[in-house]
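Let me begin by presenting the structure, written as structure tokens, before commenting on it.
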Amino acid sequence: MGESWLARMAAGVLVGVALAACAVGGGVADEVNLVPLPSEVEILPAGFALDEPMVISAPPEAAAVAGHLVRAVLDATGRRPELGAAGAVRLSLDAPQAGAEGYDLVVDPDGVRLSAATPAGLFWGVQTLRQLLPTGPGRQIDGIRVSDRPRFAWRGAMLDVARHFFAVADVKRYIDLISAYKLNVLHLHLSDDQGWRLAIDGWPDLTAVGGSTEIGGGPGGFYDADDYREIVAYARDRFVEIVPEIDLPGHTNAALASYAELNCDGRRREPYTGMKVGFSALCVGSPATDRFVSDVVAAVARLTPGPYLHIGGDEVQTLSAQEYAAFVERAQELVRATGKRMVGWQEIGKAKLAADSITQFWQTNDPPDEVQQAVRQGGKLVMSPASRVYLDMKYDADTRIGLDWAGFVEVRDAYEWDPATVVQGVGEQDVLGVETPLWTETVETIADVEYLAFPRLPAVAEVAWSPQRARSFDRFAARLASHAALWKRWDVTYHRSPQIPWAD
Ligand code: IFG
């Protein structure tokens with residue numbers, strides 16, 4: 001047994017240790033600047049040269065995903081790949097072991113092979129590939145093998161288009177950015193005290209009056225049915241599900257200012273463009289209110305192909321516990337009659353919930369009784385702890401925009417938590433996923449949205465996608481540092497957090 005045999009054995013042991021390390025945190029997976037961190041990464045000795053025109057082949061069911069890859073390669077390298085039958089870049093749907101959203105990716109001198117069980121899995125694999133592509137022409141994609149599956153099914157962002165209205169183009173831009181980090185839900189907060197943003201057949205003043213205001217007195221705006229369908233289609237083309245929220249029975253001044261009959265005293269309210277919360281509520285129990293809620297739920301359900309309809313339920317300070325619970329239970333009945341699953345902010349835990357209803361945890365300044373009540377009723381949770389993932393929280397005292405009622409939230413705060421242990425009595429099996437809300441009281445432009453979302457949204461995306469045991473902030477920060485180059489190419493406005501060792 002020569003010296004070389006022993007050396008080879010030692011090398012083999014080292015590689016084995018490295019692979020084991022990456023499975024339990026640190027090591028190989030962290031050497032590649034991928035966010036979210038994949039389940040398994042192996043560095044291969046040789047990569048795929050991009051010196052001749054790239055040809056991509058894909059089955060018909062993956063044609064749309066192949067189109068996204070074409071645009072990604074063009075964006076990165078400046079050269080447009082072709083689609084063909086026998087390409088060196090091959091997408092395939094022959095990996096049933098990848099599950100609903102997983103994928104397997106191999107890059108070596110023979111080319112790029114991306115396989116999944118579903119087009120969604122291929123699309124998430126393409127988002128990983130985007131982060132591996134060299135910038136500029138004529139270089140190579142380094143050799144790698146990735147096998148990746150998400151931890152949670154619901155990986156969401158919420159955009160409040162009620163406090164300040166955001167046009168369809170801005171919403172599409174946000175969908176581009178959240179899907180690049182494998183988020184698959186965009187929750188749109190479509191109504192509040194300051195604005196009603198979705199046209200509802202039979203209730204034209206909701207948008208004619210309720211849609212004409214916003215915080216600060218701007219012109220507001222709203223989506224008609226075609227606008228909303230355009231947003232839904234754009235999102236679904238990127239495997240993002242739109243979850244519409246009509247906030248009820250509180251946060252309803254825009255509706256109360258639109259229709260007198262929704263007010264118990266029969267008088268329309270004045271439009272409100274301030275920032276207070278909790279003061280408004282529908283006249284629950286009245287026939288007019290029941291007809292209103294029934295029409296709105298039916299209209300939103302008809303426009304939404306996805307399985308979820310969010311009815312809000314937060315911060316109702318002017319109803320009794322009984323009135324509130326009765327309203328939530330009626331709204332739940334109306335939502336389920338459309339075939340959708342009801343989602344609501346954590347306060348709905350005080351009502352009787354159907355087992356398929358979903359409760360969204362948010363309020364970290366109060367004890368989590370409502371959340372524990374929801375879990376005791378068999379409900380699943382979406383975790384949005386304000387002190388961790390509310391993107392409208394300031395980074396620090398100097399942040400130009402944002403609020404601070406849940407404290408300052410820097411990128412480390414958004415990263416260093418576990419959805420399965422953050423609330424007593426709530427474990428992994430109770431958690432459907434994670435969602436990062438961005439409330440827009442102080443946020444007026446898409447650049448403001450991007451500034452608050454980056455770098456914290458990629459941090460939350462890793463919490464939602466990656467294995468908990470493999471996550472550490474310092475290694476995440478080192479990986480994320482190189483993404484500034486991506487954000488520069490994508491023209492993303494972002495916060496140069498001192499917690500990230502930016503590469504440039
Ligand atoms: N809480 C309110 C939001 C918004 C937020 C701002 C929830 C569920 C404070 N409700 O968060 O309407 O005002 O950070």
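The values are calculated or read from the model by the stated rules, or taken from the named source; none is laboratory data. All values derive from a computational prediction rather than experimental measurement. Please note: Cβ atoms are built from the backbone with ideal geometry, for glycine as well, and neighbour counts cover all protein chains shown. All accessible areas refer to the heavy atoms of the entire protein, side chains included, with ligands and DNA or RNA removed. Shrake-Rupley method; radii C 1.70, N 1.55, O 1.52, S 1.80 Å.
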All-but-one check, L69 against (1) farther than 25 Å from P45 by Cβ; (2) assigned to a helix (DSSP H, G or I); (3) modelled with pLDDT of 95 or more, failing number (1)
Of (1) in contact with a helix residue (DSSP H, G or I) (Cβ under 7 Å, 6 or more places away or on another chain); (2) in a loop (DSSP other than H, G, I, E, B); (3) closer than 21 Å to E214 by Cα, I311 satisfies every one except (2)
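The rows are residues; the columns are (1) more than 16 Å from the ligand (Cβ to nearest atom); (2) of a type in the set (F, W, Y); (3) more than 21 Å from R302 (Cβ to Cβ); (4) free of Cβ contacts under 8 Å to residues at least 12 places away in the same chain.
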| position | (1), (2), (3), (4) |
| --- | --- |
| G220 | yes, no, yes, no |
| E230 | yes, no, no, no |
| I242 | yes, no, no, no |
| P249 | no, no, yes, no |
| T273 | no, no, yes, no |
| F279 | no, yes, yes, no |
Taking the conditions exactly as written (aromatic (F, W, Y), assigned to a loop (DSSP other than H, G, I, E, B) and within 22 Å of E315 (Cα to Cα)), does F279 satisfy them or not?
yes
For segment 250-269, which residues satisfy the criterion of being open to solvent by less than 60 Å² (accessible area, probe 1.4 Å), out of contact with any strand residue (DSSP E or B) (no Cβ under 8 Å at 6 or more places or on another chain) and not in a helix (DSSP H, G or I)?
A257, Y259, N263, G266
Specify the residue that is nearest to the ligand (Cβ to nearest atom); the eligible residues are those in segment 355-376 that are under 18 Å from P437 (Cβ atoms) and in a loop (DSSP other than H, G, I, E, B).
W362
G266 passes all but one of the listed conditions (1) in contact (Cβ under 8 Å) with a residue 24 or more places away in the chain; (2) at positive phi; the exception is number (1)
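Conditions tested, residue by residue: (1) within 16 Å of the ligand (Cβ to nearest atom); (2) in a loop (DSSP other than H, G, I, E, B); (3) surrounded by fewer than 23 Cβ atoms within 10 Å (Cβ to Cβ).
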residue	(1), (2), (3)
W405	yes, yes, yes
V409	yes, yes, no
T436	yes, no, no
V443	yes, yes, no
D448	yes, no, yes
P458	no, no, no
V463	no, no, no
W487	no, no, yes
Of the criteria (1) among the basic types (K, R); (2) under 30 Å from E101 (Cβ atoms); (3) in contact with a Ser or Thr (Cβ under 8 Å, 6 or more places away or on another chain), which one R229 fails:
(3)
Tell me which residues, restricted to segment 364-376, are within 21 Å of F327 (Cα to Cα) and open to solvent by less than 50 Å² (accessible area, probe 1.4 Å).
E370, V371, Q372, A374, V375
For the list (1) open to solvent by 10 Å² or more (accessible area, probe 1.4 Å); (2) within 16 Å of the ligand (Cβ to nearest atom); (3) among the charged types (D, E, K, R); (4) touching a Gly at 6+ places or on another chain (Cβ under 6 Å), I need the number of the one condition that R469 fails.
(2)
If we keep just the residues of segment 386-403 that are under 24 Å from D369 (Cα atoms) and open to solvent by 10 Å² or more (accessible area, probe 1.4 Å), which is farthest from the ligand (Cβ to nearest atom)?
R388
Residue list for segment 69-115, filter: open to solvent by 80 Å² or more (accessible area, probe 1.4 Å) and free of Cβ contacts under 8 Å to residues at least 12 places away in the same chain
R71, R80
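For segment 416-425, give me each residue that is open to solvent by less than 10 Å² (accessible area, probe 1.4 Å) and either more than 23 Å from D392 (Cβ to Cβ) or away from the ligand (no atom under 16 Å from the Cβ) (or both).
Passing the criteria: only P419.
Let me confirm something: among Y272, Y234, which residue is of a type in the set (S, T, Y), over 21 Å from A453 (Cβ atoms) and open to solvent by 10 Å² or more (accessible area, probe 1.4 Å)?
Working: Y234 fails: over 21 Å from A453 (Cβ atoms).
That would be Y272, the only listed residue that is of a type in the set (S, T, Y), over 21 Å from A453 (Cβ atoms) and open to solvent by 10 Å² or more (accessible area, probe 1.4 Å).
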Filter segment 176-201 down to residues that are open to solvent by 10 Å² or more (accessible area, probe 1.4 Å) and either touching a Pro at 6+ places or on another chain (Cβ under 6 Å) or without any contact (Cβ under 8 Å) to a residue 60 or more places away in the chain (or both), then give me how many there are.
1
Which one of these is away from the ligand (no atom under 14 Å from the Cβ), small (G, A, S) and buried (at least 18 other Cβ atoms within 10 Å of the Cβ): G349, G339, G379?
G379
